[in-house]
Amino acid sequence: MARVLVVCSVHNPRRASPKELEWLLGRLKPEVLFLEHPASALNSFRDLSCGTLESAAAMSYLRSHDAELVPVDIDVDEYECPASELKELFDEMFMRCAEVSGRFAALEAIHSFETERGGFAYLNSPVGWQYVSELAQELRTVVALSSEPRLAELYGLWERTNDRREWSMLAGVNAFARRASFNSAVLLVGAAHRPSLMEKVRQGGGEDDARVVWDFKWELDAT
């Protein structure tokens, strides 16, 4: 069976080090890199014009390792609005939540600080996972208690968009595993996707094919 490690990442190369992710990939030695990236824009990943940390790290890793890049995200034309507008709307949602909830603002600040300080060791640690889960829970709580229609509207858009993307990621991994043989792979995703991906796998979304074993709590070998 193919083991797929979910590796939490951050897209902005100013918030963590591409070299650190490249080092991590070198330790994990995946044969397949599943990408939070649409197939229609794979060239922008390969030529680094997409500007993400993952593209810089993955393409550097491929210079010395034989691995396949497999994009599994939905295409941007499947979004409810243009990608640039979507980011602005989600930024507005987070800003409004931080204004309403001091706890959300504090969690967000701590998570941002620890990401920049600890990088991938933090993002893929129980402490990092806990902060991401608490952020997601506080966001849900703020929206549920808010009487502001705009916040509920933005959160609905956030949930619908992430649901479609995450189901696509799981389906894409399973589809690839059905047609290709491999032993180990990584799914590189923004850390915020981890809790909901875990829940979707628990619901059966990632286990309809016995070829795939999902690993959300992997650890590096000591050697």
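The values are calculated or read from the model by the stated rules, or taken from the named source; none is laboratory data. None of these values were measured; they are calculated from a predicted model. Cβ: placed from backbone, ideal geometry, glycine included. Neighbour counts: every protein chain shown.
Of the residues ALA83, ALA105, ALA109, ALA41, which single one is closer than 30 Å to LEU151 by Cβ and in contact with a Cys (Cβ under 9 Å, 6 or more places away or on another chain)?
Result: ALA105 is the single residue among ALA83, ALA105, ALA109, ALA41 that is closer than 30 Å to LEU151 by Cβ and in contact with a Cys (Cβ under 9 Å, 6 or more places away or on another chain).
Are there any helices (runs of 4 or more DSSP H) wholly within region 1-95 with 1 or more residues that are among the basic types (Lys, Arg), over 22 Å from VAL201 (Cβ atoms) and without any contact (Cβ under 8 Å) to a residue 24 or more places away in the chain, and if so which?
42-46
So that you can scan it fast, the table gives a plain yes or no per residue for (1) touching a strand residue (DSSP E or B) at 6+ places or on another chain (Cβ under 8 Å); (2) closer than 18 Å to ARG165 by Cβ; (3) not assigned by TED's automatic domain parsing to the domain that holds GLU68:
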| residue | (1), (2), (3) |
| --- | --- |
| ALA16 | yes, no, no |
| LEU28 | yes, no, no |
| SER40 | no, yes, no |
| PHE45 | yes, yes, no |
| CYS50 | yes, yes, no |
| GLU54 | yes, yes, no |
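Considering only region 137-196, how many residues are out of contact with any His (no Cβ under 9 Å at 6 or more places or on another chain), closer than 21 Å to SER125 by Cα and in a helix (DSSP H, G or I)?
7
Quick one: which residue in GLU99, GLU108 is closer than 18 Å to ARG14 by Cβ and either under 19 Å from the mean Cα position of the chain (by Cα) or not aromatic (Phe, Trp, Tyr) (or both)?
Going through GLU99, GLU108 in turn, just one is closer than 18 Å to ARG14 by Cβ and either under 19 Å from the mean Cα position of the chain (by Cα) or not aromatic (Phe, Trp, Tyr) (or both): GLU108.
With (1) among the polar types (S, T, N, Q); (2) surrounded by 13 or more Cβ atoms within 10 Å (Cβ to Cβ); (3) not assigned by TED's automatic domain parsing to the domain that holds GLU134 as the list, and SER101 as the residue in question, which single condition is left unmet?
(3)
Which residue is surrounded by the fewest Cβ atoms within 10 Å (Cβ to Cβ), if the candidates are limited to region 109-149 and must be free of Cβ contacts under 8 Å to residues at least 60 places away in the same chain and of a type in the set (S, T, N, Q)?
Going through the qualifying residues, I end up with SER147.
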